Every structure is written in structure tokens, then in C-alpha cells.
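The values are calculated or read from the model by the stated rules, or taken from the named source; none is laboratory data. All of these numbers come straight from a predicted model, not from anything done at the bench. A quick note on method: Cβ atoms are made from the backbone with ideal geometry, for glycine too, and the neighbour counts reach across all protein chains shown. Side chains included, ligands, DNA and RNA excluded: accessible areas come from the protein's heavy atoms. Shrake-Rupley method; radii C 1.70, N 1.55, O 1.52, S 1.80 Å.
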Amino acid sequence: MSEKLLPEPLITNDTVVFGLLALCLVFIFYTSSSKNGFWKKFYSVIPSVLMCYALPALLSSFGVVAEKWHVVDEFGVATEHSSRLYYMASRYLLPAALVLMTLSIDLKAISNLGSKAIIMFLTGSVGIIIGGPIAILIVSIFSPESVGGNGFDAIWRGLSTIAGSWIGGGANQAAMYEIFKYTPDKYGGMVLVDIFVANVWMAIILLGVGKTKKIDAWLKADTSSIEKLKIKVTEFTKKVTRVPTLGDYMIMLGIAFTVVGISHFFGGHVSKYLKENISVVADSTNFLSFLGSGFFWMVIIATTGGILFSFTKAKNYEGAGASKIGGMFIYILVATIGMKVDLGRVLENPGLIAIGFIWIIIHAGLIILVAKLIKAPYFFLAVGSQANVGGAASAPIVAAEFHPSLTSVGVLLAVLGYVVGTGGALLCAYLMEIASKV
């Protein structure tokens with residue numbers, strides 16, 4: 001069975017598509033800052049960052065833009081085409097954002113947050129690991145064909161790629177795809193489940209941000225360490241705030257993209273060297289195989305670069321808006337992610353969507369239960385979950401929705417996700433294989 005041909009969108013020129021995405025972001029940020037009664041009420045319910053996903057998703061769903069499509073020639077041969085905007089945003093703008101967002105990081109203050117942030121992150125990982133096999137067992141009761149398949153068509157093989165994505169990120173997802181060799185023609189369905197379900201869950205998390213105080217009261221959480229971090233970073237920002245000059249902007253961009261270049265150069269060489277010289281890294285079935293990912297090293301080196309600059313006078317560029325520029329880059333990335341969501345394809349395989357939602361509900365239920373037991377703040381719950389499910393693209397955004405000073409917490413937890421992603425996904429995959437045969 002071959003993958004369904006994807007229709008050609010109305011606009012295929014990436015430059016024009018980028019202009020449309022920019023227009024979406026302008027509309028969202030303009031209306032969200034409006035004092036108009038309607039927009040004020042609207043954004044009090046729907047977070048602006050959620051709209052940054054939703055508007056590009058609507059453009060994709062109505063066939064205006066697309067991340068991938070097929071063109072059939074006069075001989076009936078279909079050729080796949082794709083937009084390069086997500087690649088540009090994830091490889092150029094994301095590492096630059098990581099540098100600018102960690103430029104003023106206060107590691108000592110973050111360490112004072114205690115162990116609850118790590119506990120919530122690891123709880124989220126466990127929720128994904130056990131959620132997959134449990135979801136298969138539940139769905140097999142009423143839709144056994146949705147969890148079946150033989151050989152490389154076996155559904156659990158495809159679901160392993162979602163486990164890699166939801167515990168770590170794209171690099172871990174690619175590792176699972178290589179390890180379990182799921183049928184390429186059906187892989188698009190798994191990507192759809194990954195993106196759609198993850199974005200629905202993030203929407204729910206973002207809706208909760210506006211009710212943080214009520215949720216924290218229900219959790220009986222102690223938020224004092226978070227408040228201290230907010231105050232400390234805010235005071236530092238006020239102290240160094242100045243009217244930025246063109247020189248400031250050029251220096252900040254120079255620092256960011258120099259580190260981006262370094263992260264790509266050394267990331268590629270390090271991953272190549274490790275794969276060629278260390279057998280466990282070259283072995284795609286080993287949990288250390290993520291060390292052979294150039295993307296993983298790109299994120300690590302970019303984040304390290306930003307942290308190193310935080311020990312220099314470059315830290316003061318936070319006063320000229322370093323993290324705000326980083327935030328702008330992240331929002332562009334968010335818009336390109338939203339472009340991947342085609343709502344019209346969601347119901348093509350309702351059984352898979354059901355597995356995805358049951359899976360994420362188990363993850364959510366476990367992380368909420370543990371947060372209640374250890375009295376962890378909603379911030380740790382939300383960012384710990386997104387560091388798993390969303391990775392480096394989403395965790396900083398969610399953290400920033402609580403307060404801009406907390407962005408770096410999301411960055412560091414997302415990096416931890418890449419480290420545990422492959423091993424956790426492998427364990428989840430083996431459990432799903434067992435569950436599919438019960």
C-alpha cells in the first residue's frame with residue numbers, strides 16, 4: 001500500500017510562504033497587544049503562542065501552503081516536493097535562539113529551583129514509555145486492526161518513532177526510524193499523529209498558564225524558588241536595560257550566528273567521528289546512537305556557547321533585547337511547525353489518532369499525579385512535559401509564557417530530553433512490541 005498522494009498547495013514558493021507566515025505573526029502580535037475589548041477577551045482565553053501554531057495550520061488545511069506535496073508528470077510519475085522553511089528555522093534560527101536565550105542565564109539561581117524540575121521531566125518520560133504499550137492494549141480491544149501489521153508494517157514499529165519524538169526530539173525520532181525500519185510509505189501517518197496530538201496537548205498546557213495560581217493552589221505547590229528566580233533575573237534585566245543601537249543588534253546577531261556556524265561545523269564533525277570510531281554510536285540499535293546525530297550536537301554546542309557567553313560581559317546584551325530576538329526566532333520556528341499540521345488528514349486513520357490521544361492522556365495523568373504528590377508547581381509540570389513532547393522548539397516557548405526569565409529552564413530540560421530520548425524510546429518500543437502480540 002503506497003502513501004496517499006499529497007495535493008499541490010496554492011502557493012509553493014517558499015519566499016511567498018514565508019511572507020504569509022510573517023503576516024500571520026504580525027496579525028497575532030498586533031491584535032494580542034490591542035486594547036480592543038474583543039481581542040483582549042479573545043487572548044485571555046486563547047494564548048497568542050497557540051494562535052502562532054493555529055493560523056499556519058489553517059493555511060495548510062485549506063491547501064494554501066503545505067510542508068510536503070506531490071507533483072504528477074504527464075507520464076503519471078509522482079515526485080515529492082517539500083518546503084525548506086522548517087529546515088531553515090530549525091537549523092539556523094533555533095540554535096541562534098538558544099544562544100540568545102541562554103546569554104543571560106543564571107545557573108546558580110536555576111540550581112536553586114531544586115530537584116522537582118528534574119523529577120517532573122523524568123516522570124513525563126516514564127509516562128511516554130508506559131503510555132505507548134497501554135494505549136496499544138486499550139485500542140486493541142475495540143480496533144485490533146489499528147495495532148496490528150506484520151514485519152516492517154507492524155504498527156508498533158511506527159509508534160516507536162513517536163516515542164523517540166515525545167521523549168527526546170527529531171534526532172531521537174530519526175534514530176527509531178532507522179532502528180525499526182518502519183515502512184516508509186506509511187511513515188507519514190505516524191508523523192501526522194505525532195504533530196497533531198502533541199500540538200493539542202501543548203494547547204491544553206498553554207490554556208492552563210492563565211490559571212497557574214489556581215492550579216498551584218490545587219497542587220499545594222511551593223513556588224517561592226520560581227518567584228526568586230523571576231525577581232533576580234528581572235532585577236538584572238532592569239539594571240542593564242538600555243536603548244539598543246544598530247551596533248548592539250549587529251553584535252548580538254554576530255555572536256548568535258557565529259555560534260550557529262560553530263555548532264554546525266563541530267556538530268557535523270563530532271557526530272561523524274563518533275559514528276566512525278565508536279561502535280556503540282554507529283550501532284543504531286544502541287541507546288547511545290543519539291550521539292551520532294549532528295542535530296543533537298548542534299543543540300548542545302549552541303546551548304553551551306550561550307552559557308559560556310553568560311560568564312562574560314556579553315551577558316549585558318540582555319539589556320538590549322537578546323532574549324527578545326531569540327524569542328522572535330522561536331516564533332518563526334513555531335509558525336513553520338504549524339504549517340505541518342493538515343487538519344483534513346487527521347481522520348484518515350482514526351485508530352492511530354486514538355492511540356495517540358490515549359498515550360498522551362496517560363502521560364498527562366501520571367505527570368499530574370506526581371505533581372500533586374510532590375507538590376510541584378504547574379510550571380515544572382508544563383515545562384517538564386513539553387521538554388519531552390515538544391523538545392527544544394516548544395519547551396522554551398512554554399517556559400516563556402510563565403515569565404521570560406524562565407526560558408532558560410525550558411532550554412536545559414529540552415537538552416536533557418535529547419540525552420534520554422533514544423534509550424527511553426527503545427524501552428517503549430520493546431514494550432509496545434510485547435503489547436501488540438498479547
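Some observations on this one:
- Where residue 227 falls short, out of the listed (1) more than 20 Å from residue 380 (Cβ to Cβ); (2) out of contact with any Lys or Arg (no Cβ under 9 Å at 6 or more places or on another chain): (1)
- Filter result for residue 146 (of a type in the set (Gly, Ala, Ser) and either farther than 18 Å from residue 189 by Cα or in contact with an Asp or Glu (Cβ under 6 Å, 6 or more places away or on another chain) (or both)): no
- Residue among 411, 438 that alone is in a helix (DSSP H, G or I), among the aliphatic types (A, V, I, L, M) and either more than 30 Å from residue 149 (Cβ to Cβ) or open to solvent by 50 Å² or more (accessible area, probe 1.4 Å) (or both): 411
- Checking each residue in segment 13-43 for being touching a residue at least 60 places away in the same chain (Cβ under 8 Å) and in contact with a Ser or Thr (Cβ under 8 Å, 6 or more places away or on another chain) picks out 14, 17, 21.
- Subset of segment 1-54 that is more than 23 Å from the chain's Cα centre (by Cα) and among the charged types (D, E, K, R) - its residue that is modelled with the highest pLDDT: 8
- Residues in segment 230-245 that are assigned to a helix (DSSP H, G or I) and in contact with a Gly (Cβ under 7 Å, 6 or more places away or on another chain): 237, 240.
- If you go through segment 101-124 and keep only what is open to solvent by 40 Å² or more (accessible area, probe 1.4 Å) and part of a helix (DSSP H, G or I), you end up with 107, 108, 111, 116, 118, 119, 122.
- Of all residues in segment 125-144 being open to solvent by less than 20 Å² (accessible area, probe 1.4 Å) and of a type outside the set (Gly, Ala, Ser), the one that is nearest to the chain's Cα centre (by Cα): 128
- Of the helices (runs of 4 or more DSSP H) contained entirely in segment 293-401, those carrying at least 2 residues that are touching a residue at least 24 places away in the same chain (Cβ under 8 Å), of a type in the set (Phe, Trp, Tyr) and open to solvent by 10 Å² or more (accessible area, probe 1.4 Å) fall at 294-309, 322-338.
- Test: residue 285 is at pLDDT 85 or above, hydroxyl-bearing (Ser, Thr, Tyr) and on the phi < 0 side of the Ramachandran plot: no
Residue-by-condition table, conditions (1) modelled with pLDDT of 95 or more; (2) farther than 19 Å from residue 298 by Cβ; (3) surrounded by 12 or more Cβ atoms within 10 Å (Cβ to Cβ):
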| residue | (1), (2), (3) |
| --- | --- |
| 238 | no, yes, no |
| 241 | no, yes, yes |
| 253 | yes, no, yes |
| 262 | yes, no, yes |
| 270 | no, no, yes |
| 276 | no, no, no |
